[in-house]
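See below for the structure under consideration.
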Amino acid sequence: MAKKSPVKPKKHLGQHFLKDENIARKIVNQMQDESYTNLLEIGAGTGVLTKFILNDKKYDLTVVEIDDESVEYLKENLGFTDQTLLNEDFLKMDLETVFEGKFGIIGNFPYNISSQIFFKVLEYKNQIPEVVGMIQKEVAERIASPHGNKTYGILSVLLQAYYDIEYCFTVSEKVFNPPPRVKSAVIRLKRNEVETLDCNEKLFFQLVKFGFNQRRKMLRSALKPLGIPNAFKEKEALNQMLSRRAEQLSVQDFIELAQIFEREREAEKE
C-alpha cells in the first residue's frame, strides 16, 4: 500500500522538495553523455525527479537518500529495494564499492552540502563523466564563472580544471516545498579530456586554496605560508603573477604557477 502522507521536508537536511514535474523533466533532459549507463541520484526526496529518470530506460538507477522517511516512501511508491536505494550519507560513501566503472550523478542537491558534493565528485573525477545538479543559483554562478569575476573561487578553478561547465537554467523558488529564500539553478558538468594536470596536482590544489582563502590579498601574501621560492624575487614575469589576486588567474595560470613553484623548489635543493 502506498504511503498516504507526503514526506515532510526537514530543515536540518537542507531539503527543499521539487514539486514541478516540467522542471523535473527538463533536468533529466540535460543528461547528454552516453558513455555510461549507471546513474546515481543524490537525495531523491519524494521522487519527483526520480520518476522521470526511471522512465528513461537507458539508465540503471541507484539512489542515495539519508532521510529514513524518504527511503520508506520511495520503496513503497517506486519499487526500490535495498540494493537500488542506499540509506546512507553520500559524503561518507566509498563510491568505488558502489560502481566498478563509470557513472553519472544527478539530483536536486541539498542546499547545505551542495559544495561538499562537488568536492567529492573531484575525488572520483575519473569515474564520473557527467553531473547534472540543481543547486543554489549563486553556487552555480560561482562554479561556472570565468576568471576575473568576483564570484570566481576555489570550486570554479578545481572543477573547471577537469570539467566543462554549463549553466543550464534558473529555477524559481516557487516550484519547491518549502520555497527556499533564494533562486536555484541547474548546472551540468562534463568531464574534459584532461586525465591528469600538467603539474603536481597536490601543489595545484594548495595554491588554489591558499590563494582564495585570502582572496583580497595579492598572491605574494596569500601564498606566503607555502614558502615562495627565492628565485621568484629575481624574475619579473613571476613577480607580475604574484602581484595579482587569485581571482585574476585562469586554470592554466594556476597550473603554470604550480610548475614554477615545483621547479624552483627543486633548484633550491641542489
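If I model a spin label as a point 7 Å beyond the Cα along the Cα-Cβ vector, how far apart are those points for Q116 and K19 in nm?
Here the modelled spin labels are 2.8 nm apart.
Under a point spin-label approximation (7 Å from Cα along Cα-to-Cβ), what is the N149-K190 distance to one decimal in nm?
1.8 nm
Gain in length, N87 to R263, computed as 0.36 nm per residue apart minus the alpha-carbon separation, to one decimal in nm?
On the way: separation 176, 0.36 × 176 = 63.36 nm, distance 4.69 nm.
58.7 nm is the gain from fully extending N87 to R263.
Going 7 Å from the Cα of D56 toward and past its Cβ, which residues in region 80-113 have a backbone nitrogen under 11 Å from where you end up?
Once the point is set 7 Å along Cα→Cβ of D56, 104-107 turn out to lie under 11 Å by backbone N, inside region 80-113.
Calculate log10 I(q)/I(0) of region 192-270 for q = 0.14 Å⁻¹, where I(q) comes from the Debye formula with a single equal point scatterer on each Cα and nothing for solvent.
-0.42
Sticking with the crude label model, points 7 Å out along Cα→Cβ, report the distance from S221 to F169 in nm, one decimal please.
4.5 nm
Which percent of Cα pairs goes in each bin when the distances of the chain are cut into 5 angstrom slices starting at zero?
Bins of 5 Å from zero give 1, 5, 12, 15, 16, 14, 11, 8, 7, 5, 3, 2, 1, 0, 0, 0 percent of pairs.
In Å, what Rg and Dmax follow from the Cα atoms of region 90-244?
In order Rg, Dmax, the Cα atoms of region 90-244 give 17.8, 59 Å.
Roughly what % of Cα-Cα distances in region 9-128 sit above 22 Å, to the whole percent? Mind showing how you got there, number by number?
Working: 2095 of 7140 pairs.
That tail contains 29 percent of the Cα-Cα pairs.
Cα-Cα over 27 Å: which of K137/K209; K75/K190; K102/K174; K150/K269; K51/K209?
Details: K137/K209 22 Å; K75/K190 31 Å; K102/K174 35 Å; K150/K269 37 Å; K51/K209 39 Å.
In this structure, K75/K190; K102/K174; K150/K269; K51/K209 exceed 27 Å between Cα atoms.
Pop the C-beta distance of K8 and V182 into the FRET formula with R0 = 35 Å and round what comes out to the nearest 0.05. Kindly include the intermediate steps, with their values, before the conclusion.
Numbers: r = 21 Å, r/R0 = 0.61.
Calculated transfer efficiency: 0.95.
The numbers here are math on the coordinates, done by the rules we state, and not lab data. What you see is a predicted model, and the numbers here were worked out from it, not measured in a lab. Heads up, the Cβs are rebuilt from the backbone with ideal geometry, glycines too, and the neighbour counts pull from every protein chain shown.
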